[in-house]
Amino acid sequence: MSTSPTSEKKAKQSVAITGMGCMCAAGRDVSEVWESLIKVRVNCVQPPAWLFRTVLSYPVFAGPEQCITEKARDLLKVAAPDFSQESVSRTILLAVSAVTEALAQAGLNPETLRQKKVGIALGTTVGCTFHNEEYYKAWREGLSPDLEPVRYFLNGNVAAALHKILGTQGPTAVVTNACASGTDAIGLARDWIAGGQCDFAIAGGADELSRVAYNGFVSLMLSDTEPCRPFNADRQGLNLGEGAGIMVLEPLEKAEERGAGCLGWVRGYGSASDGYHPTAPHPEGRGLKNAFKTAMLDAVIDPNDIALINAHGTGTQANDVAETSALAAFFSGPETVPIVSTKGITGHTLGAAGGVEAVFTLLALRAGLTPGTVGCINPDPSFLLRPLIQGESKELHRNIGISQSLAFGGGNGVLVLEAAP
């Protein structure tokens, strides 16, 4: 049976967020990462030896060495008693901890989920695929290395791994659209819920730090030897990070029926490509403008409704110019809307960034307050819009915000999030 455009739009705007989870360098759960943002706790250090060894002097935002929380261990004992932490990637472990927190807040457990159709859409870029250097080196030298690294790689599908751990069934997607992956995964999951493909959706992103990715960003001359300074006049690049940011989505009426608290809604989503350069955005943010416009049309809002923009804000010269230029097409004054980046306390978590930053966006909207951009002391005077700087904060008098991501290859993703009263 077909649905009218009006009913389809209503379904999309009624996708509720009932749980959130996060783990990254800023903290092991949502409350810790928010406190780190408020208190400007910056955990940016040289790559720890337990992650990988390097002679390069580019710091990173590493998550906890033990990235499985006690609550996640408890869930694993019940849901997957044969689970072996050593058999899966760090990316999957980060995701499990964030998912455990999100499910607990949503009032859900594996037994309940197994009776429903559950969609899992997760963004990732590195996943577990960049940690097999010794195997490939041996193979290229004509040796016969053990195939365990290959089996490890083949079992690296994050969404499929979570389905197996939880014992759930439903739509499954791993989105690998570079740094926009987590944002796109939430947009995809929102459409699954609105279209009735599943009862619940677990969506967001997860990524671990990798020596190959680390060396890649250094070779592109995009990394900073100091903690990153998004939007600052003397910014020198980004710092890589790792983590997971997860949201639980479901139809609002179903959430109300089971007495679940609604944290907010995914009101809109837009995606567009600018196809300008493999590793740089269009200087005027052409693709971001199109994604932003699409998201606003999808949410049926205009710029006057927006209280906050959580920008991609990597701290690279090209990204920060492109973002502020694109946003200037929608906002008339230099300080019309607070624009912030949270990468000053998380680093650039690649495929996890969209999930982590969506969590931060909704937290700020629910608090009615946003802190400024950690690391930005003297904003670049060439920007058409002025970002909110470190030490500043701004009260938010509306409850709709934007979380946006710009990716290598020209991908751009924009989410419109609304906080529940």
Inset, instruction - Determine the pairs where a residue that is on the phi < 0 side of the Ramachandran plot, located within segment 135-149, has a partner that is part of a helix (DSSP H, G or I) and of a type in the set (D, E, K, R) with Cβ atoms under 9 Å apart, the partner being 6 or more residues away or on another chain. - result: Tyr135/Glu148; Leu143/Lys137; Pro145/Glu134; Pro145/Lys137; Pro149/Glu134
Inset, instruction - Could you list, in sequence order, all residues of segment 319-333 that are surrounded by fewer than 24 Cβ atoms within 10 Å (Cβ to Cβ), touching a Phe, Trp or Tyr at 6+ places or on another chain (Cβ under 9 Å) and either small (Gly, Ala, Ser) or not in a helix (DSSP H, G or I) (or both)? - result: Ser325, Ala328, Ala329, Phe330
Legend entry - Enumerated helices (runs of 4 or more DSSP H) restricted to segment 109-223, each holding at least 2 residues that are within 28 Å of Gly270 (Cβ to Cβ) and outside the structural domain of Val359 (by TED's automatic domain parsing): 158-166, 181-194, 211-219
Legend entry - Whichever residue in segment 234-277 is closer than 30 Å to Gly216 by Cβ and surrounded by fewer than 19 Cβ atoms within 10 Å (Cβ to Cβ) and, among such residues, is farthest from the chain's Cα centre (by Cα): Asp234
Legend entry - Matching option when the condition is assigned by TED's automatic domain parsing to the domain that holds Leu108 and β-branched (Val, Ile, Thr), among Ile246, Ile301: Ile246
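Listed here are the residues, each with its yes/no results for (1) more than 12 Å from Gly245 (Cβ to Cβ); (2) among the acidic types (Asp, Glu); (3) part of a strand (DSSP E or B).
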residue: Glu335; (1), (2), (3): yes, yes, no
residue: Ile345; (1), (2), (3): yes, no, no
residue: Ala353; (1), (2), (3): no, no, no
residue: Val356; (1), (2), (3): no, no, no
residue: Arg366; (1), (2), (3): yes, no, no
residue: Ile377; (1), (2), (3): yes, no, no
residue: Pro387; (1), (2), (3): yes, no, no
Inset, instruction - Quickly run through segment 267-291 and pick out the residues that are of a type in the set (D, E, K, R), touching a residue at least 60 places away in the same chain (Cβ under 8 Å) and in a loop (DSSP other than H, G, I, E, B). - result: Asp274
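The values are calculated or read from the model by the stated rules, or taken from the named source; none is laboratory data. Quick caveat: nothing in here was measured; it's all calculated off a predicted structure. All Cβ positions, even for glycine, are placed from backbone atoms using ideal geometry, and neighbour counts span all protein chains on display.
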